[in-house]
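First up is the structure itself, then whatever we jot down about it.
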Amino acid sequence: MTKTKKESKKKFLMILLVVLLLALAVGYAVFTDTLTITGTANIDSRFDVKFTSANVASKVGCTATAEIGNQSGETDAVADELTVTVEDLAYPGAGAQIHAVITNAGTIPVKITGVTTPTPPGNGNAIVISGLDQITTNHPTLQANGTCSVDFTVMWDPEVTELDPTKDGENDNSYSFTFTITYEQDMTAFTGTPAHTDA
C-alpha cells in the first residue's frame, strides 16, 4: 500500500470518527431536552372584617337602637363599630337582644377572636351585656366573603334594684356601648396532594 493510500484511509477514518461523534452529540442533545415551567404569584392580601348589618331583634321595658358606624367618623362602607343604645329602662330585667352580622370583606381567611366594647357595663355593673362569648367558642375560619352572626343582650341586671340617677350628670336610664370586632389571620397552612398520571 502506498503512503498516499494510507494517508487517505487515515483521513477517511478521522472524518468518519468526527461524523460519528457529531451524530452522537446531536442524538444526546435530542434526548436530554429540558421542560421548563414558569409561573407568577400575585399577592393581594387585605384584612377587612366589618359589621354589615345590625338590628334590635327584641326588647322588653325599654327602647333600643343598633347602628353601624366607622371608627374614624367617615360615612363610607367600612363599618368598624356597632353602637347599641338602650334607653328608658323601666325596671330591673328590662333590656334588648341585638343581632349583628359580621363579614370578611378581605382576602385573608380569619378567625374571629371576639366582639368587645371598650366601655364597661355602666352604673356599677347594673347593666349586663351577655352572649358575646358565643362568637369565640370554637369559631370556625371565616373565609373571604364569608359571614357569621352574633346575638347578644344588653339589660338592666335583675339583681340591681336601682340605677344611678347621676350617670353622666343626666337623670335618664340611657346607656350606650360601642362594640368592635377583634380577629386574627387563620394560620392553617395549605396542603396540596402530589400526584402523577400517565395518559
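The values are calculated or read from the model by the stated rules, or taken from the named source; none is laboratory data. Values in this document were obtained by computation on a predicted structure and should not be read as measured data. Cβ: placed from backbone, ideal geometry, glycine included. Neighbour counts: every protein chain shown.
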By residue number, the members of the range 69-95 that are crowded, with 20+ Cβ neighbours inside 10 Å, farther than 17 Å from residue 160 by Cβ and modelled with pLDDT of 90 or more are 82, 84
Go through the range 115-173 and give me each residue that's under 22 Å from the mean Cα position of the chain (by Cα), modelled with pLDDT under 85 and not acidic (Asp, Glu).
116, 117, 134, 135, 136, 137, 138, 139, 140
